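Notes follow once the structure below has been shown.
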Amino acid sequence: MSGPDRPDTATDDDGVSEHAGVDPAAATPAPAPSAYGEPGKPFDRRSPFFYGFVGALGALTAFWLFNALLGIGSTLMLIVVAFFLAAGLNPAVEFLERRGLRRSLAVVVVIVIALAVVGMFLIAIVPVITDQVTALSKNVPLWIDELERNKKVQDLNEEYGILDKITSFVTDGDFISTLFGGALGVGLKVIGALFNAFVIFVLTLYFLASLKTTTGAVYKLAPASRRERFSSLGDKVIANVGGYVSGAFLVALCAGLSSLVFLYFTEVRQYAVALAFVVALLDVIPMIGATLGAVLVSAIAFATDLKSGIACVIFFVIYQQFENYVVYPRVMSKSVDLPGAVIVIAALIGAGLLGVVGALLAIPAAAAVLLIFREVVVRRQDLR
């Protein structure tokens with residue numbers, strides 16, 4: 001029909017004709033009644049109960065995650081140590097790659113050299129430790145006999161039997177086992193240390209072989225618009241960590257070789273290799289490592305010969321100044337550009353949180369944080 005006889009209709013955007021003046025919602029058929037009753041109104045998300053429930057659930061989840069992290073803290077520490085070792089060995093691997101070796105072969109060569117160095121250290125230091133413990137067991141009774149000549153010490157020994165207990169404790173030959181909770185405790189600690197060393201070795205090998213693949217997978221988590229900058233910052237952080245770790249070992253190597261040459265001219269020359277290894281190992285620890293090595297070697301030298309002890313004190317005082325002002329700045333200038341105060345604070349915080357491992361990892365971690373702060377936070381503030 002047309003004209004006035006045509007019904008009053010309208011067409012919506014989809015071409016569906018609707019009666020003019022009729023509410024579309026009213027035209028929708030009502031839902032069929034349910035056998036379980038009519039559905040209620042949606043829950044009010046502005047309700048205090050809703051906020052309280054969601055907040056409590058989030059707090060419980062965070063608490064559970066925190067406990068889970070504490071439970072796997074030792075495993076995470078092994079992973080972090082392995083990654084730092086891989087980053088430290090990576091410059092040597094890349095050096096061999098530039099000389100034409102495939103990465104897999106370069107990784108094998110670097111790992112073999114590192115294991116050879118560790119094996120030399122163990123072969124050199126274990127006999128010395130055994131000899132020193134045996135000498136200590138033999139000399140302690142003599143020192144106690146000298147103490148017994150003191151009148152006050154005699155009175156204390158008669159009343160409490162302190163010297164007799166110390167003598168029996170040392171001369172029994174099992175005081176090392178007692179310190180670690182008996183023979184079973186020593187065995188468990190040795191097994192645990194060997195297991196941790198094996199895990200670190202395997203993880204280091206995997207990280208070193210697939211470092212580029214691993215970092216590339218992590219970089220893909222960033223948005224595409226920021227991925228290039230994120231990748232550049234990540235590569236710089238890893239390069240800084242690797243430079244610090246390799247630099248620290250280079251500084252320690254200089255300390256060990258210098259000590260080895262010097263000790264060959266003293267009365268402790270029979271222990272020169274082992275003591276030089278001790279100096280090199282402790283020199284890796286920031287701030288206090290060099291001092292600990294110097295004190296240990298000087299004490300052994302004093303126990304052997306007075307002149308050698310005095311010579312060791314003079315040598316280590318002079319060498320540490322040379323290391324602090326000449327060797328360390330030249331080696332670390334390209335990898336760790338940190339103010340002295342930041343290095344001290346970072347080492348103290350790391351040692352307080354994770355002990356020796358924390359002190360070792362604190363300085364490269366502080367350098368990474370400072371790099372990100374400069375390139376992200378400061379640059380963003382400059383744009384405002």
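None of the figures in this text is laboratory data; all of them are computed from the coordinates on show. Values in this document were obtained by computation on a predicted structure and should not be read as measured data. Neighbour counts are summed over all protein chains in view; Cβ atoms, including those assigned to glycine, are modelled from backbone coordinates with ideal geometry.
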Looking at the structure I just gave you, is L354 farther than 19 Å from L260 by Cβ and surrounded by fewer than 19 Cβ atoms within 10 Å (Cβ to Cβ)? yes
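So which of I318, I288 is under 21 Å from A346 (Cα atoms), loosely packed, with under 15 Cβ neighbours inside 10 Å and either touching a strand residue (DSSP E or B) at 6+ places or on another chain (Cβ under 8 Å) or among the hydrophobic types (A, V, I, L, M, F, W, C) (or both)? Step through it out loud before you land on a result.
Values: I318 fails: under 21 Å from A346 (Cα atoms).
Answer to the selection: I288.
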When the residues of the range 255-266 are narrowed to those that are over 24 Å from the mean Cα position of the chain (by Cα) and surrounded by 15 or more Cβ atoms within 10 Å (Cβ to Cβ), which ends up farthest from N324 (Cα to Cα)? T266
Please work out which one of (1) surrounded by 17 or more Cβ atoms within 10 Å (Cβ to Cβ); (2) without any contact (Cβ under 8 Å) to a residue 60 or more places away in the chain is the condition T214 fails and give its number. (1)
Return yes when P364 is touching a residue at least 24 places away in the same chain (Cβ under 8 Å), touching a Phe, Trp or Tyr at 6+ places or on another chain (Cβ under 7 Å) and closer than 14 Å to Y244 by Cα and no when it is not. yes
Candidate set: the range 217-242, residues that are closer than 22 Å to T75 by Cα and under 19 Å from the mean Cα position of the chain (by Cα); chosen: the one surrounded by the fewest Cβ atoms within 10 Å (Cβ to Cβ): I238
Tell me whether the range 241-256 contains one or more residues that are free of Cβ contacts under 8 Å to residues at least 60 places away in the same chain, within 16 Å of V369 (Cα to Cα), assigned to a helix (DSSP H, G or I) and not aromatic (F, W, Y). no
Inspect the range 192-202 for any residue being surrounded by 15 or more Cβ atoms within 10 Å (Cβ to Cβ) and more than 19 Å from V117 (Cα to Cα) and give the result as yes or no. no
Can you tell me which of (1) more than 21 Å from the chain's Cα centre (by Cα); (2) over 22 Å from Y244 (Cβ atoms) is the one L70 doesn't meet? (1)
Quick check: is even one residue across the range 77-88 closer than 30 Å to D235 by Cβ and not hydrophobic (A, V, I, L, M, F, W, C)? yes
